[in-house]
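What follows is a set of notes on a single structure, which appears directly below.
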Amino acid sequence: MNECEKILGDFSASFWLKQALASALERDPVDALADAEVLSEVLRERLDRLCTQLYPPDLITARIVECPRGCNSHITKDPTPECAACGSRMYEPE
Ligand SMILES: [Zn+2]
């Protein structure tokens, strides 16, 4: 049994994969592989783009800070944030 037949007979393989594979097997093998590689590339770019939207570099450096007097807490990227209410230097709670 070749790899293609294994995937087509695998219960755990997705319906989408089986359908894509079955349709690719009806095509010219060189064309099918070239298109599959294009598909793989654009899907990887899409995933990278979505990950960057979900976890932008700015958000990763942001952190929660609290006012020592307890009047305020918020998320900031500012390295030395001050409390908007009392002007105290805010700190990063443990
Ligand atoms: Zn304060």
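No value in this document is a laboratory result; all are computed from the given coordinates. A quick note: this is a predicted structure, and the numbers were derived from the prediction, not measured. No Cβ is skipped: glycine too gets one built from the backbone with ideal geometry, and neighbour counts run over all protein chains shown.
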Worksheet, complete the sentence: The long-range amide H neighbours of M90, using H built 1.01 Å from N in the peptide plane and a cut-off of under 5 Å, are E82, C83
Worksheet, complete the sentence: In order over the stretch 18-31: 3J(HN,Hα) from phi, Karplus 6.51/-1.76/1.60, θ = phi - 60°, whole Hz, x for each Gly or Pro, gives 4, 5, 5, 5, 4, 6, 5, 5, 8, 9, 4, x, 5, 4
Worksheet item: Mind listing the phi-derived Karplus ³J(HN,Hα) values for the stretch 37-44, rounded to whole Hz, using 6.51, -1.76 and 1.60 with θ = phi - 60°, and x for any glycine or proline?
Response: 5, 4, 4, 4, 5, 5, 5, 5
Worksheet, complete the sentence: Which residues qualify? For H74, with a placed amide H closer than 5 Å and at least 5 residues away or on another chain, they are V65
Fill in: Cα-based radius of gyration of the chain once divided by 2.2 N^0.38 Å, which approximates compact folds
2.08
Worksheet item: Arranged by the count of other C-beta atoms within 10 angstrom, fewest first, what order do C83, C71 take?
Response: C71, C83
Worksheet, complete the sentence: Ranked from fewest to most other Cβ atoms within 10 Å of their own Cβ, M1, M90 fall in the order M1, M90
Discussion item. Taking the beta-carbon count within 10 Å as an exposure proxy, list C67, C51 from fewest neighbours to most.
Written reply: C51, C67
